[in-house]
Each structure stands twice: as C-alpha cells, then as structure tokens.
Amino acid sequence: MIRAALKSLLGRKVRLLLSTFAIVLGVAFVAGILMFSDTLNRSFTALFASTVGDVVVRPDGGQTDLGQLSTQTLPASLAGKLRALPGAARVDGNVTALNVYVMSTDDKIIGGVGPPAIGGNWSDAPAGHGIQGLVIEEGHEPHGPDEVVLDARTAERAGYALGDTVRIVTATDRVNIESTLVGIAGFAEGGSLNGATYAAFDTATAQDLFLGGADAYTNYWITARDGTSQTELAAQARAVLPAGVEAVTGDDAAEASASGLLKGIDFLTTFLLIFAGIALVVSAFIIVNTFSILVAQRSRELALLRALGASKRQVVRSVQLEAFVIGLLASTLGLGLGVLLANGVQALVATVGLDLSGQPLVLAPRTVVAAYAVGIVVTMVAAWLPARRTGRIQPIQAMRDDIALPESSLRRRLVLGVGLVVAGGAALGAGLFGSVPHAGWWVVFGVLAILLGVTSASPVVSRPFLGLAGSVYGRLFGPMGNLAGQNSLRNPRRTTATASALMIGLTLAFTVAILGASAKASVDKQVRDNFIGDFIVSSAFGQPFSPAIAKRMAKVDGVDSILRERYGFGRYDGTDQGVAATEPRDIDAFDLTMDAGRAADLADDTVLVEAGWARDHAVGVGDTVKFQMLTGERSWTVVGIFAKNPIVFFPVLTSVDTLTGSGFPDQDNYVVIYAKPGARGVQDRLDEVVAKSPVVTVKNQQEFAAEQRDPIDRIIAIIFVLLVFAVAIAILGIVNTLALSIIERTREIGLLRAIGVSRRQLRQMIRLESVVIAFLGAVQGVVLGIGFGIALMYAVRDQGLEVISIPVGQLVLFLVLSLVVGVLAAVLPARRAARLDVLKAISAE
Amino acid sequence: MTAAPTSGTPAARVRNLTKTYGSGEALIRALDDVSLDLGAGQFTAVMGPSGSGKSTLMHCCAALDTADSGSVFVGDQDLSTMKDKALTRLRRDEIGFVFQSYNLVPTLTAEENILLPLAIARRRPDRDWYDSVIATVGLGDRLGHKPNELSGGQQQRVAVARALVSRPRIVFADEPTGNLDSRSGAEVLELLRRSVDEHGQTVVMVSHDPVAAAWTDRVVFLADGRLVDELARPTREQVLDVMARVSGPELGSEFRTGPGTGSGSA
C-alpha cells in the first residue's frame, strides 16, 4: 500500500512539484525570518560585547533605556585612582557623543535612521574579556584637532579615502566640522556596527567638541589583570568611587544595553513571523485545493485499490502519506530557499538603516526543526479534509465511467460560512470595541474566522459574480469567453478556493492601504489644525540638533521670533515617559487650550500635563510628580492641564532649563519660526543657515505635513513587500489550479483543438479563466479590506486617528493589477494547453 | 496498390502515404505507401485488425497527425504543406469529427455543443440546415440538457450533429458505435447513412465492426499499413470473409465473435 502511494506520487512529478511550491514558499518565509533574527541577535550580542570594557565606570544612570547619553561626565582626575586598583591592568577614558553625522562626498547623511551616529575619542583599549574591538586597518590614529578616523563601512558608504576631507555635522555648538581622514578602522575579529556610524578624534579634540572642552570623560574602561574577575575588579572600583558614580561589570553593561535592543529585535521577528503565518495560511488553502483536485483526479485509481481489497483506512492513509512526503520535500526546499530569503530580509531592513552586510547567516537547529515542523504539519493538516473524503469512495466506482468524488454539500458550506462570519464579526467587535482581555487575539481570531467563513460560503455567494463574469465574457470574447465563463462555474468550490487564497493577501493589503491613507489624512488634519508659526525647523529623524542653529535663525532678516522645543526621556511610575520642554516665556505661542491651571505659570521645576495623561495617572494641579531622570530623581509641581495638542510631542511639558538640569544636552528637537508679516524670501534665507548641515531642514506647513507622512509611507511599503509573499503564493495557487484542471480536461481540450479551436483561442480561454479567479479574489479582498479598515480605524479614532480615508485610486489600481496577475498566472498553463498534442489529448484517459 | 475512385471527384486523396513509429528492431510501419481516393458523397469504411494503421490513416486525412512522406489532399489543399494555423482552420471549416467516446464539452448544453464549431468560426448557423440537422438527430426537447444528462446514444447523436452542422467537406468517424449498445449504434449509423443519402455528405468511418461496415457504400481493408482489399456495397458476410482472409484465421474468428463492447449483431 505504501509502495502504491509512493509510486503514484512519483508518477506525477509535475503535479507533485506544483503542489509543493506553495508550501515551499511558506516554509522559506519562516526559515528565512528565523535565520535573519538569529543573525541579528548574534551580531548585536557581539557588537555590544565589544562596546564595554571589563569594568565600566560611569555616572549613575548614565544612559536611558532608549540610548540617550547623560551630559554628566567623570573628571580626568578619577583615572589615577582607578589605575591604582590592584586588579587594574589599564584604564582608558572614553568620550562618546551621539548624533555625530558623517556626510557623504555628495552631501548625503550616512545612516541616521535607526542605528546611532556615534562620535568620540579614539581608543585602542581592549573590550571585556580581551576582545579586540575596532583597530586601525589603514593609516594611523588621529592626532590633533584636524584628524579623524572612520569605521571602514562608513568610509566606504560615504565614498571617502585616506587623505580626503570628511564633513561631519554635530548637534553641539560647533555644527560643522571638517577633518582629514587619516585612518580607517575595522573589527579585527570580524563584526559589524550594524549600520551605526563611528567617527573618532584624538581625546583632546573629542573633549573639545563634545564635552565643551572640559578635561573629562563620558566613562572609563578598566581592563582586568590576568586572574582578576570582572566582579572582583568592579568591587575594587566601587570602593574608591565618589557618590553618583557607578562601576558595573562589562557583562552586566553589555547585557543591559543589549536587552532593550534584543527586545526590539524580538518585536521585529514577531512582526515578520505574523506575515510568515499569513503566507502559511494562504499555502494551506492552496494545499487543500491541490489535494482536492489530485484526489478527485485519482478517484478511479483509489476506487480500484478499494476493489482490490484496500480498506478505507489504507486509502486515507495513502493520501496522508503523500501529504507527508510532500511536506518533507517542501520543507527541505523551503529551508534552502529560506537562506536566500534571509538575505532578502537583510536587504529590506538595510533600507531602514540596519546594515548587516558581511554578517554570516546563522542556521540554528531551532530553524531546521521549525521549518520541518511547519512544512509537514501544515501540509498534513491541509490534506486532512481531502484525504478523509477519499474514505467515502466505493469500490464499485472503479467500474464506472463518470466517477465523482463525494463533496461536502454547498448548503452546509453556506451555513458554516455564515456562522463563521457572524462569530468572527462578534469576536472582532469584542476585540475592537469591547473590553475583553487580550483584545489583540480576539481581533486576530475574528479576522481569521471571517476570512475562513467567506471562503467557506464563497462557492455559493460568488455564483452570481461568476455568472455575471461568464455572460460579460460571452459578450466581449464570443464563444471562447463563453467557454471560459462556463469553466469557472464548472467547479465553483475549486474556483472560489483558489480566489480565496488571493483574497487573504489582498484583504490585508487593502486594510493596510486604508489604515495608511487614514493615518496620513489624520496627520494632515492635525498639522493643519495645529501648525503654529510659519516654518518648522527639525531633523528628518526627530534627532536633536545644535542650539546654534536656532540662535542664528533668530537673527535672519524677516524673522520675528522663534520658539524652541526639545524632549528627553525619563521614567515615571516604572515606565518610560517622554518629557517635552520649551522656554517658559514662549509658552503663549503654543496656544494651548487649558483644562485647569494656567499655561503662563510654567517655570523651572514645574510641568504642564496633558488631560488624558493626568486622568490616567490621577494627577491634578498642585500635585507633585516624581520622575527618574538621567541625573536621578526629580520632583516637579503640576501647574496646568492642557488639551491634547500634536505640537507638544509628549504629554508632559517642562522648561528647557529643567530638562538640561536633568542631564540632557543643550540641543533642540524642533524650532518654530515666526516670520514678520509681509516678509518675503524668509525660507530661502533660513535654508542658507542650514545649507551645510542637511540633517536639519526648514519646512513650511505642507512640507512639514509631507515629512510627517513619510514614515507612514515607509511602513506601508514594507508591509506591502511582506504581503507580496502571500500574494505570490496565491498566484502560484492559480497557476496550480489551472495547470491541474488542464490535465484533467486534456481530452476536452483535444476535442476543441480537433474541431478547429486555434492555439490562440485556447490560450485566450485559459487566460480568461485565470482572470476571473484573480478578479474574484480581488473583489472579495476589496470588500473585506474596506470592512476591516473602517472597523480598525473606527476602533482607534480616539487615539488621534480621527479621519477615515479610503484610497479609491489605490484600490482601483489593485483591482487592475489583479487582472494583470490573472493574465500572468495563465501564461504557463495556457502555453501547456496550447502545446498539447491533439491526437494524444483526444485519446487521453 | 491503389484503390480506384468509385464515382465523381474525390473529396480527399491520399498519395504514397508512409508513417513509421520507433526504430531498428522495434520499427513499426503504421502506413506503408498507401494511396487512396475518398469519393465525394460516399460513405466509406476503413477496416482492418488492430495495428493495421486504419486509425493512423484517418488521423492523417483529418489533419490531426502528419505522415513521414507522401501527401494528403482535402479538396485541392495539400495538408503536408500546411502549418498549424492553416490546419486548425481546415479542421474548423472543412472537416467534421465523431469520436468513439463522444467528446462533448461537459459545460455546454447539447445545442451549444452542436453550434460550437460555428461559434468558434464566428459563423451564423444556416437556419434551414440547422433545423434539418436537428430534425435528423431527433433529440427533440433534450437539446437544452448537458451531456451528463443524456444517454450514450443521445450523446453520440449530438456529436454527429456537431460534425454535420458546419457542412464540412468530409466527416470522419472513429469507431462511432464502439461505446454503444446495438440499438443506439444502429441509430447513429442510420443518421450517418441519411446524411450521405439525403444531403450528399462525404463520410469516412473507421470501424472494427462488420455490422457497421454493412451500412456503407464501400469498405477498404488495411493490414500491416497497406491497402489489401476493398468491397463495394458490402454485406456483413462479405466483410467477414475478407476480414478472415486479410488477418489470418485466428484473428478472423476473433472478429466473428466481436471484440470489445457493442459490436453485437443487428
């Protein structure tokens, strides 16, 4: 029996290959993402290990979880004390600053998005456990105020060679630096900055640039003598350190900085795996469909086996065995393809700045296990329904000519489908609007149930659509159109199941398109409603920039006044909380709507809080709030409560001096410019101020809105790229269904050719069949996508997304594209059909 | 040998047709220098034992297969010089087919199946001709039914109507009664006979069945790829005699008992 099953499998290599494709792609997606994630993990763990010494001495709370550095420093005098420690082999002081942007030879910022742009002093100190960090590969160390060393990848991306003049933009008072590139640094033992950029000067220059000229350091690395452990050395250091300074082991420091980032990577992995899951659901659809067709085509053979004495169980088993073999084969291929895919994902994340080029891929055992488990389980589960149906084949059917596999009744499918849609709708509603725990899961299950319900009911509810398509075809394309229309109705289960696979991908794409359009429309509305002043000055990534820029702009001809806004992060009540700051004298310009207190009361060590935040934290005017900031705990008095305003970036607003006093650098995030009435050409003159530091740009209202929309577009683009997978699998599904139905209809096609249908007409027929499937999927996708999109937008309407916008142009474009997809999917099956030998086809079984 | 035309201009001419399969030891001569004229307005049967080349001959005449050498003319068109497109058009406009296994399009009704060749050619059916074909086929109220709702005999009569409706130069029928019981078979043969007698249709039929052959004007016999004999106005007994002679006593007796289904006596 097993032999018979395997023989039958091998006898149909083309069909076998076709049915594995879908699952191969799904497995490749999962494997690729896991490999990518492991690679990312290892590369960051390695990177962080190289950014700490055996013991790191730094100001208490020297860094927020989000990577911001304290302005507090350690005096140079501390070095002597540390060197005297019995376990210390050497002590090195480090100067580190963020937002030090290297400009490329054609004036573009290198990096900037995602990974940090780091500046500091050159040091050849070994990292913890003797790991050699960056070493000079070409040239020499920097000496004097005009020399700089770059990491090799940054130098390469920027197009600099030794001896070139490197342009650097900082967020400090000295905005622009020009230095000579004297050295190029790389990791001696392999490794990567993962897209971060690094510019190193000699210590005096770095102190001058980043620490206001003080003879001080951001932190010290102590290298342990042989035989002294990190823990011992840290304990020795703690004994001699003054208050407010801490000594932590390199392992702990690396762990602490890595954990936040690895949490971020986990999120990214989960996010990507969701799309892999979608791809697998689509694959499962294809497998169900493929097996249904294969089993139907083989029903006579299976009946023969029954007639020869095989039990029901054996017949069902033989189909399940087939599924197992296909799953096994597909998993193996998928794993291989996953390697390629992991490279693709690396390229994708490189577009958001995470540069992993040169990192070898990590193939963990877990990935292999997951690939096989997913591939085999999904295939076997999907094949279960068709396999079970084979058990109902009667032996007598082997003797009959027209054999039909028993099918589930359409009526039952309609009832099941409607039931699922209703249940799914209820779950979706509960998740979105109710107050159930784990609302996200309710939404996911709701969406899934609705998709499955529509799929189940589709053979019935799509009938009018298919009938209409058939009559339109007949009118437009004559007899071949008529035949194509009839063919799509011949087995509505098959047609609609194939369309449903496409529907899933497109539903999500439409939903995302609607969310994106609505988010952008909301941004536009908020900017329109709340834009103050005439221009906004900011960096493209919301990073802080030099206060010198605001000072210079205030003096520009035609500028009436300026308004600064900046922000930092602390912890309130155990969670990260952004704190915005402005000059109290400028507070009127924000035009805040006050629910309580007075905006004008804002002064040092007081805060204004947003109404929602005040409600959530039960805070009122006159209360004291305690924030954990870089320099330790701060107590501030609440003097007012304001209605939500998008120009105030965080729900807590304090004075600039209060924020600086909490350890944040004197750097602005946003500057609002008020022009004098009637002044002309102001924007051009403001542009001149920042001409040499393109990190910062001057925007009017439209430009600012466009910049705010930009990240939304970027996220949508990435989601679309990920959904392409689900759609690609669905397209393979169409190819598969068409190819299998052509095999099934060989004799009929032979007849058509024999009575004078030309190859062209035949290809046209197959193409029209394909288009109707694709279009059905797209139409279902549009309807569901609009439904989900509006439901989701409605659910989040009080979170600042108040405009629901349906991108009609985009939806129409998708529908047109689905027609193209239909035509493309038909290319190979149609060619195959047209090439059939007429004689052989007519006499085919 | 060359069989002489029996009357008038031939509808199709076969000249020195040769076709082989395989090579070396396994070389099979399906057709070995066959020349033959198929008379217009005649009902011709091509007979011979299995492997005699009769189906290959028909497929070559019907533009479904190509020979290694020699030529086939349908009217004055030389098939050996034509490409796929022209052959397709020829099949569409000049040739009608009836297959052993009916080969109707399952998604179309009987009427749609009959009209399909005209629809493909985008030609309007000639009303009178269509009505007379329908009347001859005698399906009555079952024209709106799908093939799977018709009996085998009814399906084959639909197939004959489909072959006749475009008024082709020749109708080829490949074992048209092979899958039918004797009564249904007789109905189909009668239909073909009437199309020849009443409308001057040329019909060429490949068959095993001496009973079927007895309905024709002329029988040609093939054995081992060669034309070996022919009969005009044959009776069942004459056909059986020739069959016995050309295929040896054992095979001949096999014919007498009737191979396959549906070749019982009528």
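Descriptive notes on the structure:
- Between the stretch A:762-814 and the stretch A:531-589, the C-alpha centres lie 41 angstrom from each other.
- Counting every other Cβ atom within 10 Å of each residue's Cβ, B:THR81, A:THR654, A:THR218 order from fewest to most as B:THR81, A:THR218, A:THR654.
- Cα centroid separation, the stretch A:179-239 to the stretch A:654-729 (Å): 32 Å
- Three-way shape call for the stretch A:50-260 based on the alpha-carbon gyration tensor, with the a/c threshold at 1.5: prolate
- Over the stretch B:1-151, the ratio between the Cα radius of gyration and 2.2 N^0.38 Å evaluates to 1.23.
- Across the stretch A:535-699, the mean sequence separation of Cα contacts (distance under 8 Å, 6 or more residues apart), normalised by length, yields a relative contact order of 38 percent.
- For chain B, a Gaussian network of Cα nodes joined below 10 Å ranks B:ALA62, B:ALA40, B:ALA119 by mean-square fluctuation, and the top entry is B:ALA119.
- Each residue in B:ARG194, A:ARG42, A:ARG300 was given a count of other beta-carbon atoms within 10 angstrom of its own, and listing them fewest first yields B:ARG194, A:ARG42, A:ARG300.
- At 0.890 mPa s and 25 °C, Stokes diffusion of the protein assembly as shown via Kirkwood alpha-carbon radius, µm² per second: 68 µm²/s
- Within chain A, the selection of entire DSSP H helices by a Cα span of 24 Å or greater along the long axis and an average Kyte-Doolittle value of at least 0.5 returns A:13-49, A:250-297, A:312-350, A:365-390, A:410-433, A:439-461, A:701-744, A:759-795, A:808-835.
- Rg/Rg_ref, the stretch A:160-225, where Rg_ref = 2.2 N^0.38 Å and atoms are Cα: 1.32
- Average Cα contact separation per residue, the stretch A:50-260, under 8 Å, 6 or more apart, as relative contact order %: 35 percent
- Exercise: per-residue mean of other protein chain Cβ atoms within 10 Å, B:100-111: 4
- Computed over the stretch B:1-134: relative contact order in percent, which uses C-alpha pairs under 8 Å that are six or more apart: 21 percent
- Relative exposure of A:ILE716, A:ILE514, A:ILE773, judged by other C-beta atoms within 10 Å (fewest first): A:ILE716, A:ILE514, A:ILE773
- Choice from B:TYR102, B:TYR21, B:TYR130 with maximal GNM fluctuation in chain B (Cα, 10 Å cutoff): B:TYR21
- The alpha carbon centroids of the stretch A:437-484 and the stretch B:105-158 are separated by 33 Å.
- log10 of Debye I(q)/I(0), alpha-carbon scatterers only, for the stretch A:535-699 at 0.09, 0.14, 0.18 Å⁻¹: -0.31, -0.72, -1.07
- Cα gyration tensor category, rounded, prolate or oblate, for chain B with a/c compared to 1.5: oblate
- Counting Cβ atoms of other protein chains within 10 Å of each residue's Cβ and taking the mean over peptide A:756-762 gives 6.
Every read-out reported here was derived from the displayed coordinates using simple, explicitly stated rules and does not represent laboratory data. Source: prediction; values computed, not measured. Here the Cβ is made from the backbone with ideal geometry for all residues, glycine too, and neighbour counts use every protein chain on show.
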